[in-house]
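Participant: If you scroll down you'll find the structure; I have some questions about it.
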Amino acid sequence: MILTQNKIREEYQNENITITPFNASNLSTNSYDLTLDETYIQYTEDIVDPKKKNRYEEKLIPKSGLLLKKSSFILGSSVEKIGSDKYVPIIHAKSSIARLGLFVHVTADLIDIGSHGNITFQLYATSNIRIYPGMQIGQVSFWVPKGDITLYEGKYADSEGPKSSKSYLSFGN
Amino acid sequence: MILTGDQIRKELKRGKIKIDPFNANQVNPNSYNYRLGKKLIDVERDKKIVIPEEGFVIRPHTPYLGSTKEQLGSDTYAMSLIGRSSMGRLGLFLQISADLGHTGSSHCWTLELVATQPIRIYPNMQIGQISFWENKGRIEKYSKGYSLHSRPTKSKIHNDTYTK
C-alpha cells in the first residue's frame with residue numbers, strides 16, 4: 001500500500017516520517033516533491049571501479065543554472081532530509097523532468113527503512129538540459145512494509161549533501 | 001505491501017520465496033542484494049563475454065545483458081529487481097525501466113546493464129537488489145516468454161504479433 005498525501009502529512013505530524021524542511025504545497029496526491037540542492041559531484045576517473053574509492057570533484061550549480069550535456073552523469077542531492085522508521089520511501093522523477101529526458105536515479109529508487117538524510121540524485125541526461133538549484137526535480141512516495149522492521153545502519157546513514165559511491169567498503173563480501 | 005528483510009527470511013524458510021544460493025548478510029531492511037553472474041552479451045556487437053575475475057570494462061551508453069547469479073522467484077509475491085544505490089551512484093543501470101518480476105517466475109534473471117560512464121564490473125559482485133511485494137487478487141502464474149531462462153536472454157519481441 002502506498003500512502004496518500006493526507007496520510008503523508010499525518011505521519012509527518014506524528015513524526016513517523018521525516019521531511020525537513022516540510023512545505024505543505026510540495027504534497028501531491030501520492031507523494032511529496034523534492035527540490036534540488038546546489039552542491040553536486042562529478043567523478044574525475046576515466047573508468048569508475050566499484051572496488052576502489054573513485055576520485056571526484058564537488059561543485060556548485062550556479063543560480064543561472066548548469067547545462068547538463070547529453071549523456072553526462074552527476075550526483076546531486078535533495079534540499080530535504082527524508083526518511084521513515086515505519087514506511088519504505090521510493091524516489092521518482094517528477095513527470096515534467098522525465099519528459100525532458102532527465103533521469104534522477106539510476107535504477108536505485110528504493111530507500112531502506114530507517115535511513116534518514118538528503119537523497120543523492122543520480123542525474124543522467126538523455127538530452128541537453130539546464131538544471132537550477134531549488135527546482136522541484138523529484139518526488140518521494142511512502143509504502144507500507146510487511147514484517148518485523150530492522151532499521152538501516154548502513155554506510156550512507158545520516159547523509160548530508162550528495163554522497164559518492166562507497167561500494168569499495170563492502171566489495172568482496 | 002513490501003516485505004521487510006526479516007519477512008523475506010521468514011518466507012524463504014517457509015518456501016514461499018526462492019533465493020538460491022542464499023546468504024544472510026545480503027539481506028537489507030527491505031530487499032535482498034543479488035550478485036552478477038559471469039556471462040554477458042554485448043547487444044550492439046552481438047558478442048558473448050565471460051567476465052574474468054579481474055573485471056571487465058563496459059562501454060557507456062550501450063546495453064549489455066547479464067544475469068543474476070542467484071535463482072530468484074516466488075509463487076506468492078511479485079518482485080522488483082533494481083540496482084543497488086552504490087552502483088546507481090557510479091552511474092550503472094541494472095534494468096531499462098522493466099523492473100517488474102511476475103509472480104510464478106523463478107530463475108536467474110536477465111539484467112539490462114547500461115553504464116553512463118565507463119565502469120569496471122566483476123563476476124559475483126553484489127550489484128543489485130530484489131524486493132518482494134504482496135499481491136491483491138487471485139494469482140494467475142506467469143508461464144510465458146522468459147520464465148524458463150536462466151542465461152542472459154535476448155529480447156523475443158520479434159515473436160510477438162504486430163497489428164496495424
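Participant: Can you name every one of the strands (runs of 3 or more DSSP E) wholly within region B:91-164 that holds 2 or more residues which are modelled with pLDDT of 95 or more and over 30 Å from A:GLY147 (Cα atoms)?
Facilitator: On the way: elements: B:110-115, B:119-121, B:126-134.
Qualifying strands (runs of 3 or more DSSP E): B:110-115, B:119-121.
Participant: Those residues that are open to solvent by 40 Å² or more (accessible area, probe 1.4 Å), of a type in the set (Val, Ile, Thr) and in a strand (DSSP E or B), I need them from region B:4-62; list them, please.
Facilitator: B:VAL50, B:VAL57
Participant: Given the criterion charged (D, E, K, R), under 17 Å from the mean Cα position of the chain (by Cα) and surrounded by fewer than 16 Cβ atoms within 10 Å (Cβ to Cβ), identify the matching residue among B:ASP99, B:ASP75.
Facilitator: Being charged (D, E, K, R), under 17 Å from the mean Cα position of the chain (by Cα) and surrounded by fewer than 16 Cβ atoms within 10 Å (Cβ to Cβ) holds for just one of B:ASP99, B:ASP75, which is B:ASP75.
Participant: Additional query: For region B:1-24, enumerate the residues that are at the interface with chain A (Cβ under 8 Å from one of its Cβ atoms) and either touching a Lys or Arg at 6+ places or on another chain (Cβ under 8 Å) or modelled with pLDDT under 95 (or both). Don't jump to the end; show me each part of the working.
Facilitator: Restricting attention to region B:1-24, the residues satisfying the condition of being at the interface with chain A (Cβ under 8 Å from one of its Cβ atoms) are B:1-8, B:10.
The answer is B:MET1, B:ILE2, B:LEU3, B:THR4, B:GLN7.
Participant: Of the residues in region A:80-104, how many are within 23 Å of B:ILE127 (Cα to Cα) and open to solvent by 40 Å² or more (accessible area, probe 1.4 Å)?
Facilitator: Adding up the residues that qualify gives 2.
Participant: If you scan region A:126-173, which residues turn out to be away from every other protein chain (no Cβ under 11 Å), open to solvent by less than 50 Å² (accessible area, probe 1.4 Å), under 26 Å from A:ARG55 (Cα atoms) and of a type in the set (S, T, N, Q)?
Facilitator: A:SER127
Participant: A:LYS51 is checked against (1) touching a residue at least 40 places away in the same chain (Cβ under 8 Å); (2) over 22 Å from A:ILE97 (Cβ atoms); (3) open to solvent by less than 60 Å² (accessible area, probe 1.4 Å); (4) not small (Gly, Ala, Ser) and fails just one. What number does that condition carry?
Facilitator: (3)
Participant: Go through region A:38-48 and count every residue that is assigned to a strand (DSSP E or B), surrounded by fewer than 23 Cβ atoms within 10 Å (Cβ to Cβ) and within 14 Å of chain B (Cβ to nearest Cβ).
Facilitator: 3
Participant: Something else: List the number of the failed condition for A:THR35; all other conditions in (1) outside any strand (DSSP E or B); (2) touching a residue at least 60 places away in the same chain (Cβ under 8 Å); (3) open to solvent by 10 Å² or more (accessible area, probe 1.4 Å); (4) out of contact with any helix residue (DSSP H, G or I) (no Cβ under 6 Å at 6 or more places or on another chain) hold.
Facilitator: Among (1) outside any strand (DSSP E or B); (2) touching a residue at least 60 places away in the same chain (Cβ under 8 Å); (3) open to solvent by 10 Å² or more (accessible area, probe 1.4 Å); (4) out of contact with any helix residue (DSSP H, G or I) (no Cβ under 6 Å at 6 or more places or on another chain), the lone unmet condition for A:THR35 is (1).
Participant: Answer yes if at least one residue in region B:40-47 is within 14 Å of chain A (Cβ to nearest Cβ) and touching a residue at least 60 places away in the same chain (Cβ under 8 Å), and no otherwise.
Facilitator: No - not one qualifying residue is present in region B:40-47.
Participant: Now for a different question. Looking at A:LEU110, A:LEU67, A:LEU123, A:LEU100, which is the one that is within 14 Å of chain B (Cβ to nearest Cβ), in contact (Cβ under 8 Å) with a residue 24 or more places away in the chain and at negative phi?
Facilitator: Exactly one of A:LEU110, A:LEU67, A:LEU123, A:LEU100 is within 14 Å of chain B (Cβ to nearest Cβ), in contact (Cβ under 8 Å) with a residue 24 or more places away in the chain and at negative phi, namely A:LEU123.
The rows are residues; the columns are (1) of a type in the set (S, T, N, Q); (2) under 11 Å from the mean Cα position of the chain (by Cα).
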| site | (1), (2) |
| --- | --- |
| A:SER31 | yes, no |
| A:LEU34 | no, yes |
| A:GLU38 | no, no |
| A:ASN54 | yes, no |
| A:GLY65 | no, no |
| A:SER77 | yes, yes |
| A:LYS86 | no, no |
| A:SER95 | yes, no |
| A:ARG99 | no, no |
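Participant: Check B:GLY66 against each of (1) assigned to a strand (DSSP E or B); (2) open to solvent by less than 10 Å² (accessible area, probe 1.4 Å); (3) over 30 Å from B:ASN135 (Cβ atoms) and name the one condition it does not meet.
Facilitator: Evaluating B:GLY66 over (1) assigned to a strand (DSSP E or B); (2) open to solvent by less than 10 Å² (accessible area, probe 1.4 Å); (3) over 30 Å from B:ASN135 (Cβ atoms) leaves (3) as the failure.
The values are calculated or read from the model by the stated rules, or taken from the named source; none is laboratory data. Source: prediction; values computed, not measured. Because the Cβ atoms are built from the backbone with ideal geometry, glycine has one as well, and the counts that use them run over all protein chains shown. These area figures cover heavy atoms from the full protein model, side chains too; ligands, DNA and RNA do not enter into them. Shrake-Rupley method; radii C 1.70, N 1.55, O 1.52, S 1.80 Å.
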